Amino acid sequence: MTVSFCGIELEHPIINASGTFDALAAHRAFGDELLERFPFAAFVSKTVTVAPRQGNPPPRLWEVAGGLINSIGLPNKGLSGYLEHDLPFLADLPVPLIVNVMGFSRDEVAELVEAFGDRPEVSALELNVSCPNVETGLIMGADPAETARLVNRVRPLTGKPLIVKLTPNASNPPSVATAAQDAGADAVSLINTVRGMALDPRTGAPWLGGVTGGTSGPAVRAIALAQVHSVAQAVEIPIVGMGGVQSGRDALDLMRAGASLVAVGTESFRDPAAGLRVTSELSELLANTAV
Amino acid sequence: MTRTTAPFGRRAAPVTAREEHGAYVVIRCRDAEGPSPAPGQFYMLTASERWGGGQGERPFLPRAFSVLRAHAGELQFLIEVVGPGTNRLCELHSGDELLLVGPLGNGFAPPREGRAPLLVGGGVGIAPLAIWQDALGSEATTALLGFRDEAHAHGASLLTNPTVATDDGSVGHHGLVTALLEDELDDRADEVEVYACGPPPMLEAVRAMCTDHQVPAQLALESGMACGFGACFGCVVPTQDGYVRLCVDGPVLEASKLESALVAGAGH
């Protein structure tokens, strides 16, 4: 099932969704068996921002039918903390490393892309564009022109593959994907979480510390399939498909809709080794199916 | 803090027995290939079948439980029905199957030199204190346990020689377990180290009391948790070092690190 993605050779098409697997913490919990049976063909790290972030106040989770809503708020050690504490470990993982970055302005994203742009440990960069540009107030990835300005700005800063992670909370994801492609993105990944909300049944007030959050899990799988399908009609560049993948069948569906790689996210919360299971199920399906 | 590393991934554990202890259920399961947990560690549990389809089409995520006892390849978990996940787990009988991940998190650390362990438990939070009392030596380890009523006080039989308090006075001391703790700390604050697990208001009272008496305390906390191994960042609690993930930096935390044990969203 080897696959070439933006020039990166991968053993199979199953990777993780950013922010759903912390390889350092998992290594503390599971020891070296994690590295011996690493569940993904490439590792996408949690979003890195320029400054360290504590993240949103708890509570941060709410379980829904077939999924959950999270309001985590991108806690991370910041760029220098990541370079010092996380990157040395992640560089030694048995698979290529994709670093996910997010900035609150184009300058910040540029700073991050530049910082990783020549690092030999990093195989590709993923841009999290699901956040507001503090200068314009627009969600960068919700607007094609804003997305194009961002990608145009950072494209010259690195020769590494640039993946733009699309938000489903946009009126027209295919037009955002097209804008990213035309500005020089090498791939798009989708979907990010779908905006959702829960109320405290006892008080009627918002349950999550961040008020609203992102919905994930099989509850959003049909949305993901439709968005991957529509983006695949619009762009030529490869697509990383994700959203509620629990099985090899789900992964195959996204590939049939146009994805080159498939990411497992929330299912890893239920089973840390879900990536291994999805990969073996997909392998079996592909062996028995003409795709 | 002590930690046993978990096998990577989720494994099947056949349920061998279901026992009722008043308002609580103890589920025993066979985990022949799993390692022995350190007292205070926890597991993420899922029923192999019909996980989902309960109230609100839940549960979806696994549920975190401190291990009650572990012996010769058998694990025991103490469960009280509070929602669709615990409801499903309490339905399990011998012949059914659990899926588990664990042991996870940091367990209790031995008491500081010159101090004797003093266990303080509330409700279903007595679970990690049972395995810890076994490890420390049951006869010699004082345990103070609080329950809301007689049905819940049946849980006291899971520890050795506990002193019991109930909210309604139906069993033992009439009042809160923290009143029993106050008496102990008035007598021998210099001689004990407190180990506590229970509902957030109880843990917060224990934390404040131990701070006042300058007694070291290790608190086993609970928080809403999706994964149990540091992936989701959902289970954070505020500490003097900022937010920490209870699943990988806890669930046992030094009371002195906490500003408050009133964890937002816990007990849901």
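The values are calculated or read from the model by the stated rules, or taken from the named source; none is laboratory data. Only a predicted model underlies this, so the values are computations on that prediction, with no experimental measurement involved. All Cβ positions, even for glycine, are placed from backbone atoms using ideal geometry, and neighbour counts span all protein chains on display.
Restrict the check to region A:97-116 and report whether at least one residue is within 14 Å of chain B (Cβ to nearest Cβ), assigned to a loop (DSSP other than H, G, I, E, B) and not hydrophobic (A, V, I, L, M, F, W, C). Looking through region A:97-116, none of the residues is within 14 Å of chain B (Cβ to nearest Cβ), assigned to a loop (DSSP other than H, G, I, E, B) and not hydrophobic (A, V, I, L, M, F, W, C). Only one entry of A:ALA65, A:ALA91, A:ALA41 meets the criterion of being in contact with a helix residue (DSSP H, G or I) (Cβ under 7 Å, 6 or more places away or on another chain) and of a type outside the set (D, E, K, R), and that entry is A:ALA65.
Quick check on region B:25-49: of everything there that is within 14 Å of chain A (Cβ to nearest Cβ) and either basic (Lys, Arg) or assigned to a strand (DSSP E or B) (or both), which residue is farthest from the chain's Cα centre (by Cα)? Taking the candidates together, the pick is B:ALA47.
Would you say B:SER260 is closer than 22 Å to A:SER71 by Cβ and over 17 Å from the mean Cα position of the chain (by Cα)? Outline the logic, then answer.
Details: closer than 22 Å to A:SER71 by Cβ: yes; over 17 Å from the mean Cα position of the chain (by Cα): yes.
Judged against the criteria, B:SER260 is a match.
Please verify whether B:LEU246 is within 14 Å of another protein chain (Cβ to nearest Cβ), surrounded by fewer than 22 Cβ atoms within 10 Å (Cβ to Cβ) and not charged (D, E, K, R), treating the condition exactly as stated. So B:LEU246 fails the test.
Okay, residues lined up against (1) farther than 19 Å from B:PHE60 by Cβ; (2) over 19 Å from the mean Cα position of the chain (by Cα); (3) buried (at least 20 other Cβ atoms within 10 Å of the Cβ):
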{"site": "A:PRO174", "(1), (2), (3)": "yes, no, no"}
{"site": "A:THR178", "(1), (2), (3)": "yes, no, yes"}
{"site": "A:ILE191", "(1), (2), (3)": "no, no, yes"}
{"site": "A:GLY196", "(1), (2), (3)": "no, no, yes"}
{"site": "A:ARG202", "(1), (2), (3)": "yes, yes, no"}
{"site": "A:GLY209", "(1), (2), (3)": "yes, yes, no"}
{"site": "A:GLY214", "(1), (2), (3)": "no, no, yes"}
{"site": "A:ARG221", "(1), (2), (3)": "no, no, yes"}
{"site": "A:ALA226", "(1), (2), (3)": "yes, no, no"}
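Results for (1) buried (at least 19 other Cβ atoms within 10 Å of the Cβ); (2) among the hydrophobic types (A, V, I, L, M, F, W, C); (3) away from chain B (no Cβ under 11 Å), shown as yes or no for each residue.
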residue: A:MET1; (1), (2), (3): no, yes, yes
residue: A:GLU9; (1), (2), (3): no, no, yes
residue: A:ILE14; (1), (2), (3): yes, yes, yes
residue: A:GLY19; (1), (2), (3): yes, no, no
residue: A:PHE38; (1), (2), (3): yes, yes, no
residue: A:ALA41; (1), (2), (3): yes, yes, yes
residue: A:THR49; (1), (2), (3): yes, no, yes
residue: A:ARG53; (1), (2), (3): no, no, no
residue: A:PRO58; (1), (2), (3): yes, no, no
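Which one is farthest from A:LYS160 (Cα to Cα), of the residues in region A:14-43 that are of a type outside the set (Gly, Ala, Ser) and in contact with a Ser or Thr (Cβ under 7 Å, 6 or more places away or on another chain)? If you could, list the steps in order and put the result at the bottom.
Residues of region A:14-43 of a type outside the set (Gly, Ala, Ser): A:14-16, A:20-22, A:24, A:27-28, A:30, A:32-40, A:43.
Restricting the remaining residues to those that are in contact with a Ser or Thr (Cβ under 7 Å, 6 or more places away or on another chain) gives A:14, A:16, A:20-21, A:30.
Numbers: A:ILE14: 20, A:ASN16: 19, A:THR20: 23, A:PHE21: 23, A:PHE30: 32 Å.
Checked region A:14-43; the qualifying residue farthest from A:LYS160 (Cα to Cα) is A:PHE30.
Scanning region A:156-172 for residues that are closer than 12 Å to A:LEU125 by Cα and crowded, with 16+ Cβ neighbours inside 10 Å yields A:LEU157, A:THR158, A:LYS160, A:PRO161, A:LEU162, A:ILE163, A:VAL164, A:LYS165.
Quick one: which of B:GLY155, B:GLY224 is crowded, with 24+ Cβ neighbours inside 10 Å, closer than 27 Å to B:VAL82 by Cα and at pLDDT below 95?
Numbers: B:GLY155 fails: at pLDDT below 95.
Matching residue, one of B:GLY155, B:GLY224: B:GLY224.
Looking only at residues in region B:92-128 that are small (Gly, Ala, Ser) and part of a strand (DSSP E or B), the one that is nearest to the other protein chains (Cβ to nearest Cβ) is B:GLY102. Here is the figure for region B:1-17: residues that are crowded, with 19+ Cβ neighbours inside 10 Å and either within 14 Å of B:GLU91 (Cα to Cα) or polar (S, T, N, Q) (or both) total 1. As a summary of the residue check, A:ALA185 satisfies the conditions (1) surrounded by 15 or more Cβ atoms within 10 Å (Cβ to Cβ); (2) among the small types (Gly, Ala, Ser); (3) outside any loop (DSSP other than H, G, I, E, B) except for the one numbered (3).
Restricting to region A:59-96, name every residue that is aliphatic (A, V, I, L, M), assigned to a loop (DSSP other than H, G, I, E, B) and farther than 30 Å from B:GLY53 by Cβ. Write out each step before concluding.
Taking region A:59-96 first, the residues aliphatic (A, V, I, L, M) are A:61, A:64-65, A:68-69, A:72, A:74, A:79, A:83, A:87, A:90-91, A:93, A:95.
Filter once more, so that each one left must be assigned to a loop (DSSP other than H, G, I, E, B): A:65, A:72, A:74, A:93, A:95.
Of everything in region A:59-96, those that are aliphatic (A, V, I, L, M), assigned to a loop (DSSP other than H, G, I, E, B) and farther than 30 Å from B:GLY53 by Cβ turn out to be A:LEU74, A:LEU93, A:VAL95.
Tell me which strands (runs of 3 or more DSSP E) are completely within region B:186-239 and hold 2 or more residues being hydrophobic (A, V, I, L, M, F, W, C) and farther than 29 Å from B:PHE60 by Cα, or say none if there are none. If you could, list the steps in order and put the result at the bottom.
Numbers: elements: B:192-197, B:217-220, B:236-239.
Here the list reads B:192-197.
Please tell me if B:LEU75 is within 17 Å of the chain's Cα centre (by Cα) and either surrounded by fewer than 24 Cβ atoms within 10 Å (Cβ to Cβ) or touching a residue at least 40 places away in the same chain (Cβ under 8 Å) (or both). When the stated conditions are applied, B:LEU75 passes them. Tell me yes or no: at least one residue of region B:81-98 is at pLDDT 95 or above and under 19 Å from B:ARG3 (Cβ atoms). No, every residue in region B:81-98 fails to be at pLDDT 95 or above and under 19 Å from B:ARG3 (Cβ atoms).
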